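The next block holds one structure in the form of structure tokens; read it before the comments.
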Amino acid sequence: MYANTDSLIDLITILGISAFALSAVLAAREKKADLFTVIVLGIITAVGGGTVRDCILGVPMFWAEHTYFIWVAIISSTFGFFCVPLLEKRIVNKANLYIDSIALAMFSIQATDKAWVLDFGLPISPILMGIITGVGGGVMRDVLIQRPSLLLNKELYATPVAIGCVIHASVLYLAPEFSDVSALVAIGLIIYLRHLSISRQLQVPAWAVLK
Amino acid sequence: MYANTDSLIDLITILGISAFALSAVLAAREKKADLFTVIVLGIITAVGGGTVRDCILGVPMFWAEHTYFIWVAIISSTFGFFCVPLLEKRIVNKANLYIDSIALAMFSIQATDKAWVLDFGLPISPILMGIITGVGGGVMRDVLIQRPSLLLNKELYATPVAIGCVIHASVLYLAPEFSDVSALVAIGLIIYLRHLSISRQLQVPAWAVLK
Amino acid sequence: MYANTDSLIDLITILGISAFALSAVLAAREKKADLFTVIVLGIITAVGGGTVRDCILGVPMFWAEHTYFIWVAIISSTFGFFCVPLLEKRIVNKANLYIDSIALAMFSIQATDKAWVLDFGLPISPILMGIITGVGGGVMRDVLIQRPSLLLNKELYATPVAIGCVIHASVLYLAPEFSDVSALVAIGLIIYLRHLSISRQLQVPAWAVLK
């Protein structure tokens with residue numbers, strides 16, 4: 001049972017790192033980047049957020065302890081480089097967006113947990129760690145290729161992550177005995193909001209946009 | 001007496017964090033950012049410089065030990081989001097610029113002291129820590145919203161910080177018994193130079209601009 | 001003998017830090033930056049990559065232990081600020097590009113070694129540390145002055161570094177007894193590829209560019 005759960009988490013992790021790296025290939029396309037740059041952007045998108053998190057937490061770097069994160073990012077971005085037409089197929093692109101959502105949700109909530117266990121500035125700081133881990137790599141990718149960062153996008157990408165992390169941290173704070181449930185609920189909600197954004201073009205509501 | 005000094009420093013800190021966060025609201029306005037992004041930019045502007053400082057120093061993150069920094073940044077940027085017209089009133093904007101100056105001066109000199117006490121690469125490195133702490137958050141804000149960073153501005157913003165930190169570090173090095181005085185002098189000078197910049201449009205002199 | 005090798009390495013280090021800082025002066029010229037900004041960009045270009053490396057490795061900051069890195073960057077960028085016409089002379093510019101290449105090669109391979117000795121995520125992570133150390137500062141410089149980062153350039157700059165670090169890490173992994181030789185070979189190869197780029201305008205081959 002536990003072994004199965006662990007295997008599932010490992011599978012989502014690998015697919016998610018891959019989806020993050022492939023998003024960098026598509027983003028790099030506009031700039032006619034070379035293979036090396038595509039791989040660098042793939043790695044940064046995949047592990048950049050978690051890298052900032054671990055520097056802030058002052059803990060050993062996760063990808064030095066588990067180098068498969070780096071290998072998966074390198075292999076995926078190299079594969080993506082040579083198979084751009086495949087990536088741009090409507091169905092492949094959509095599948096990638098969904099895998100990205102699942103990984104985004106899981107990585108953010110895991111990071112909230114990681115900071116919580118370290119008793120890192122409860123209850124607010126673990127929420128920030130969750131957000132940084134989820135979207136930090138994508139923001140770095142956007143800055144490095146000089147396109148408006150995902151923070152400036154009307155698409156629902158970072159906001160669902162924030163909502164999920166707030167919910168999970170609130171439960172950890174107020175009713176820690178339900179934290180397993182809240183982790184699943186938060187992950188589910190992030191994925192659902194991303195789904196509404198991907199399939200229904202749901203955007204940030206007008207009242208929440210700076211005029 | 002000491003209690004009063006401490007209360008004053010706490011008050012300036014809270015007002016200063018708030019002023020930093022509000023500067024992000026005004027900067028984000030050009031980009032029609034959403035509420036979540038405004039809050040993120042507010043937090044980054046308020047504590048980004050100190051975050052880099054603590055990562056470089058290898059010490060526990062200040063805002064995890066004192067989470068009120070984050071709360072003040074969140075509340076201020078949320079308030080600013082809903083009250084942009086108020087922020088843009090001439091007198092409010094000017095008051096904010098002055099509070100920003102006072103905080104900028106205090107945070108930079110405090111950071112120089114923090115690095116000095118840690119014996120961190122004396123005498124030059126504490127100066128760098130002061131500058132990074134004071135202007136690092138604003139630079140990140142500018143990069144994230146894709147506007148020319150404050151480093152490229154002719155306005156006197158970072159240069160007064162550098163002058164103040166150099167003076168304070170010099171006294172710490174050469175005549176440490178006067179360091180309390182030099183901290184106050186340096187803070188006063190930074191505020192005065194910012195005042196000349198805000199009220200008299202004093203700029204970097206022509207000889208100091210790259211031709 | 002050893003003393004001589006050490007002196008040579010120190011000399012290359014100082015010249016290299018200087019060449020990195022001077023590249024920032026030339027880059028800052030387009031933006032009419034002021035003296036303070038030129039110095040800040042000089043320091044960031046010179047030590048920015050190594051700073052990220054040391055934060056990721058979780059080790060004391062190299063420039064706090066050896067502050068001459070900072071002094072050399074400050075002096076070089078100040079000198080460069082006042083002598084831009086000299087820097088732009090064809091022969092000076094070319095000499096600077098070659099010194100930059102030598103330092104780029106040496107710093108990257110040294111960083112790979114540093115991470116290797118720390119047993120940091122072998123064998124892949126030391127390669128990343130080498131690349132970050134070599135090109136990280138230049139990338140930060142480009143982001144801060146809002147020009148397309150060197151990662152988006154067709155010039156061979158980061159790719160030779162990657163090739164050199166991969167070769168050296170492979171030998172460290174498979175045949176550590178030859179690591180002194182491989183360090184020299186890798187450094188030589190990086191310099192040679194940079195030479196082909198500077199003198200023959202060798203670029204990334206077309207098959208390795210994203211279409």
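Please work out how much length the chain gains when fully extended from C:E155 to C:Y173, using 0.36 nm per residue of separation minus the C-alpha to C-alpha distance, in nm with one decimal.
On the way: separation 18, 0.36 × 18 = 6.48 nm, distance 2.98 nm.
Contour length minus the Cα-Cα distance gives 3.5 nm.
Would you list B:C165, C:C83 from fewest to most Cβ contacts within 10 Å?
Going from least to most buried by this count: C:C83, B:C165.
Helix A:158-174 sits at what angle to the longest principal axis of chain A, using alpha carbons and giving 0 to 90 degrees rounded to 10?
It works out to around 20 degrees.
How would you classify the stretch A:54-128 from its alpha-carbon gyration tensor, with a ≥ b ≥ c the square roots of the eigenvalues: rounded for a/c under 1.5, else prolate if a/b is greater than b/c, otherwise oblate?
oblate
What angle, in degrees between 0 and 90 and rounded to the nearest 10, separates the Cα long axis of helix C:90-117 from the longest principal axis of the Cα atoms of chain C?
Computed tilt is about 40 degrees.
Can you list the residues, at least 5 places off or on another chain, whose amide H is less than 5 Å from the amide H of A:D34, using H built in the peptide plane?
Counting only residues 5 or more places away or on other chains, the set is C:L210.
Counting other Cβ atoms within 10 Å of each Cβ, which GluC sites (Glu not before Pro) in the stretch B:13-91 have at most 14 and sit in a DSSP loop? Walk me through the numbers on the way to the answer.
On the way: sites: B:E30, B:E65, B:E88; in loops: B:E30.
Listed in order of number, the matching sites are B:E30.
With Cβ to Cβ distances under 14 Å as the rule, what net charge do the other residues near C:S18 carry (K, R +1; D, E -1)? Kindly include the intermediate steps, with their values, before the conclusion.
On the way: positive: none; negative: C:D10, C:D100.
With Lys, Arg at +1 and Asp, Glu at -1, the neighbours total -2.
Find the chain A residue whose Cβ sits closest to the rotation axis that carries A onto B, and give that distance in whole Å.
A:C55, 3
Round to the nearest 10 and give me the degree value, 0 to 90, for the angle of helix A:2-29's Cα axis relative to the longest principal axis of chain A.
With both axes taken from Cα atoms, the answer is about 40 degrees.
Between B:H66, B:H195, B:H168, where does the largest GNM mean-square fluctuation fall for chain B, given springs only between Cα atoms within less than 10 Å?
B:H66
Using the beta-carbon distance between A:L196 and B:Q201 and R0 = 41 Å, what value does 1/(1 + (r/R0)^6) give for FRET efficiency, to the nearest 0.05?
Numbers: r = 49 Å, r/R0 = 1.19.
FRET efficiency, A:L196 to B:Q201: 0.25.
Calculate one ³J(HN,Hα) per residue across the stretch B:175-184 by plugging θ = phi - 60° into the Karplus curve 6.51 cos²θ - 1.76 cosθ + 1.60, and present them in order as whole Hz with x for glycine and proline.
Result, ordered by residue: 8, x, 5, 9, 5, 5, 5, 5, 4, 5 Hz.
Could you work out [θ]222 nm for chain C from helices alone, using -39500 (n - 2.57) per DSSP H run of at least four and dividing by all its residues? Round to the nearest 500 deg cm²/dmol.
For chain C, the value works out to -26000 deg cm²/dmol.
Under the Karplus relation 6.51 cos²θ - 1.76 cosθ + 1.60, θ = phi - 60°, what is the ordered set of whole-Hz ³J(HN,Hα) values for the stretch C:38-55, x standing for Gly and Pro?
Values, residue by residue: 4, 5, 4, 5, x, 5, 4, 5, 6, 10, x, x, x, 5, 4, 3, 5, 5 Hz.
Per-residue Cβ counts within 10 Å, from other chains only, averaged over B:57-64: what number is that? The partial results should precede the final answer.
Numbers: counts 3, 9, 1, 5, 7, 1, 5, 14.
Per residue, the number of nearby Cβ atoms from other chains is 6 on average.
Can you give the FRET efficiency to the nearest 0.05 for A:V185 and A:L97, using r as the Cβ-Cβ distance and R₀ = 22 Å?
Details: r = 22 Å, r/R0 = 0.99.
Approximately 0.50, to the nearest 0.05.
Taking θ as phi - 60°, what are the ³J(HN,Hα) couplings along the stretch A:196-205 by the Karplus curve (6.51, -1.76, 1.60), each to the nearest whole Hz, with x for Gly and Pro?
For the stretch A:196-205, the Karplus curve yields 4, 5, 6, 8, 10, 6, 4, 10, 4, x Hz.
Rank B:S76, B:S125, B:S18 by mean-square fluctuation in a GNM of chain B with C-alpha springs under 10 angstrom and give only the top-ranked residue.
Comparing B:S76, B:S125, B:S18 in a Gaussian network model of chain B, the most mobile one is B:S125.
Readers should treat all values here as calculations from the given coordinates under stated rules, not as data from a laboratory. Given the structure is predicted, the values throughout are model-derived calculations rather than measurements. A quick note on method: Cβ atoms are made from the backbone with ideal geometry, for glycine too, and the neighbour counts reach across all protein chains shown.
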